[in-house]
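Worksheet for the structure shown next.
The values are calculated or read from the model by the stated rules, or taken from the named source; none is laboratory data. The structure displayed is predicted, hence computed values, not measured ones. Note: ideal-geometry Cβ built from the backbone for every residue, glycine included; neighbour counts use all protein chains shown.
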Ligand code: SF4
Ligand code: SF4
């Protein structure tokens with residue numbers, strides 16, 4: 001694609017990067033067929049190609065964002081299905097990241113939209129605040145319908161509906177500690193316990209620690225870790241995202257220098273995509289660029305790390321698992337076969353639902369901010385999953401777990417919980433009382 005940026009504009013390295021991404025797009029439109037919002041809404045401006053044109057026009061003309069650009073960029077899930085599909089290697093992820101920062105800096109959103117986004121940014125990344133908010137949300141749940149009757153309050157209706165009816169107790173695994181291996185030591189890793197996941201489903205990190213320590217891996221939960229920054233990064237809140245990234249880079253650098261790390265283990269693929277991008281996010285910061293690149297190189301999804309441990313084949317369990325690959329897993333990190341092979345080696349019969357490339361509509365805060373599109377994508381995803389007639393659904397991202405669980409009665413677990421169980425761990429609570437052959 002031809003571009004018309006001035007030399008003065010291109011002197012800004014971030015604009016120069018956006019321009020080089022734009023130039024790669026050859027308008028072929030292959031990406032439209034796999035874009036969930038285009039497939040759902042049928043509007044070219046809600047396709048990757050349409051959004052690329054809107055971003056080009058806005059940046060080239062040095063214009064502030066307007067309502068049209070914001071509407072269509074806000075509808076983008078950042079699922080990155082378009083990145084997987086694009087034959088020209090257009091780096092849509094970094095282009096839309098740049099556009100979101102530009103929007104945040106140049107566009108005044110309506111009051112309620114600003115307020116809702118500020119509440120999400122101030123609550124979700126902080127486990128204590130999030131836990132308190134979920135407790136309040138349970139009280140407000142009977143009134144969810146009232147919020148739904150006013151357009152600007154629909155996100156609050158979505159939040160109340162998504163709040164779980166029962167909140168698990170806080171887990172000791174979320175606290176700073178060193179978990180020593182119970183077999184011959186063969187590795188040392190840091191575990192990101194995360195923000196929202198540690199509150200919504202602490203069993204995931206508990207299974208991770210149990211499994212890794214049984215396999216001879218020392219697991220450190222370092223003091224000072226926090227949210228990876230992904231939630232605010234996708235809102236265009238660059239400074240907050242970078243500050244969260246710098247804090248984690250400092251914490252893990254300290255661990256690398258005192259004891260060494262084979263990996264930084266992440267159990268939520270949405271966080272994994274962002275941490276693997278820390279090197280890029282901090283590339284213009286001379287005091288962090290190198291450290292951040294080192295952390296990104298060590299970042300591993302739990303299933304990626306387990307694949308390196310060569311787990312033995314287990315006997316068949318007679319249990320059918322539908323594997324839902326989160327967008328951040330298959331598109332963001334390009335991790336495709338590993339989790340399925342691990343589940344098969346663990347003895348499960350694995351089914352892949354149709355339209356596996358399409359997002360479930362969770363996408364960070366998307367199911368709160370864009371509840372109508374999100375609900376359509378959830379219904380489509382659940383239909384495809386249920387068509388495989390699974391006993392259990394497995395996935396690698398807490399956002400997908402919460403979203404899909406709200407649309408089906410089939411139990412949905414993190415992949416690592418099933419692997420832990422198959423290799424000698426406890427039967428997951430969600431499966432207790434269910435008739436399964438294992
Ligand atoms: S597939 Fe790639 S090159 Fe083709 S229109 Fe989409 S982004 Fe552009
Ligand atoms: S990231 Fe997903 S929703 Fe956004 S343009 Fe690409 S395919 Fe469409």
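Of everything in the stretch 339-368 that is in contact (Cβ under 8 Å) with a residue 60 or more places away in the chain and surrounded by fewer than 21 Cβ atoms within 10 Å (Cβ to Cβ), the residue that is nearest to residue 271 (Cα to Cα) is 357.
Can you find a residue in the stretch 422-433 that is touching a strand residue (DSSP E or B) at 6+ places or on another chain (Cβ under 9 Å) and either assigned to a helix (DSSP H, G or I) or modelled with pLDDT under 95 (or both)? Yes: one or more hits.
Could you check the stretch 235-249 and list, in sequence order, the residues that are assigned to a helix (DSSP H, G or I) and in contact (Cβ under 8 Å) with a residue 40 or more places away in the chain? Correct list: 238, 240, 241, 242, 244, 245, 246, 248, 249. When restricted to residues that are more than 11 Å from ligand 1 (Cβ to nearest atom) and either buried (at least 20 other Cβ atoms within 10 Å of the Cβ) or not in a helix (DSSP H, G or I) (or both), the stretch 1-18 contains 8.
Can you spot a residue in the stretch 317-338 that is within 27 Å of residue 235 (Cβ to Cβ), loosely packed, with under 15 Cβ neighbours inside 10 Å, in contact (Cβ under 8 Å) with a residue 24 or more places away in the chain and within 18 Å of the chain's Cα centre (by Cα)? Yes, that holds for at least one residue.
List the number of the failed condition for residue 119; all other conditions in (1) in a helix (DSSP H, G or I); (2) within 16 Å of ligand 1 (Cβ to nearest atom); (3) under 30 Å from residue 166 (Cα atoms) hold. So residue 119 meets the others, but not (2). Within the stretch 55-70, the set of residues being part of a helix (DSSP H, G or I), more than 13 Å from ligand 1 (Cβ to nearest atom) and in contact with a helix residue (DSSP H, G or I) (Cβ under 9 Å, 6 or more places away or on another chain) comprises 57, 58, 59, 60, 68, 69, 70.
Mind listing whichever residues of the stretch 142-182 are exposed (fewer than 14 other Cβ atoms within 10 Å of the Cβ) and in contact with a strand residue (DSSP E or B) (Cβ under 9 Å, 6 or more places away or on another chain)? Selection gives 175, 176, 178, 180. With respect to the conditions (1) over 19 Å from residue 401 (Cβ atoms); (2) without any contact (Cβ under 8 Å) to a residue 12 or more places away in the chain; (3) crowded, with 18+ Cβ neighbours inside 10 Å, residue 212 falls short on a single one, namely (2). Against the test of being away from ligand 2 (no atom under 11 Å from the Cβ) and outside the structural domain of residue 328 (by TED's automatic domain parsing), the options 91, 74 yield a single qualifying residue, 91.
Does the stretch 173-195 contain at least one residue that is assigned by TED's automatic domain parsing to the domain that holds residue 221, within 26 Å of residue 375 (Cα to Cα) and in a helix (DSSP H, G or I)? Looking through the stretch 173-195, none of the residues is assigned by TED's automatic domain parsing to the domain that holds residue 221, within 26 Å of residue 375 (Cα to Cα) and in a helix (DSSP H, G or I). Of everything in the stretch 90-116 that is touching a helix residue (DSSP H, G or I) at 6+ places or on another chain (Cβ under 6 Å) and outside any helix (DSSP H, G or I), the residue that is nearest to ligand 1 (Cβ to nearest atom) is 90. Evaluate the following for residue 79: is it within 14 Å of ligand 2 (Cβ to nearest atom), in a helix (DSSP H, G or I), in contact (Cβ under 8 Å) with a residue 24 or more places away in the chain and out of contact with any strand residue (DSSP E or B) (no Cβ under 7 Å at 6 or more places or on another chain)? When the stated conditions are applied, residue 79 does not pass them. If you go through the stretch 22-38 and pick out every residue that is within 13 Å of ligand 2 (Cβ to nearest atom) and either outside the structural domain of residue 76 (by TED's automatic domain parsing) or in a helix (DSSP H, G or I) (or both), you end up with 8. Take the residues of the stretch 35-52 that are surrounded by fewer than 18 Cβ atoms within 10 Å (Cβ to Cβ) and within 16 Å of ligand 1 (Cβ to nearest atom): which is nearest to residue 277 (Cα to Cα)? Among those that are surrounded by fewer than 18 Cβ atoms within 10 Å (Cβ to Cβ) and within 16 Å of ligand 1 (Cβ to nearest atom), it is 44.
For residue 15, indicate whether it is more than 16 Å from ligand 2 (Cβ to nearest atom) and outside the structural domain of residue 236 (by TED's automatic domain parsing). It is true that residue 15 is more than 16 Å from ligand 2 (Cβ to nearest atom) and outside the structural domain of residue 236 (by TED's automatic domain parsing).
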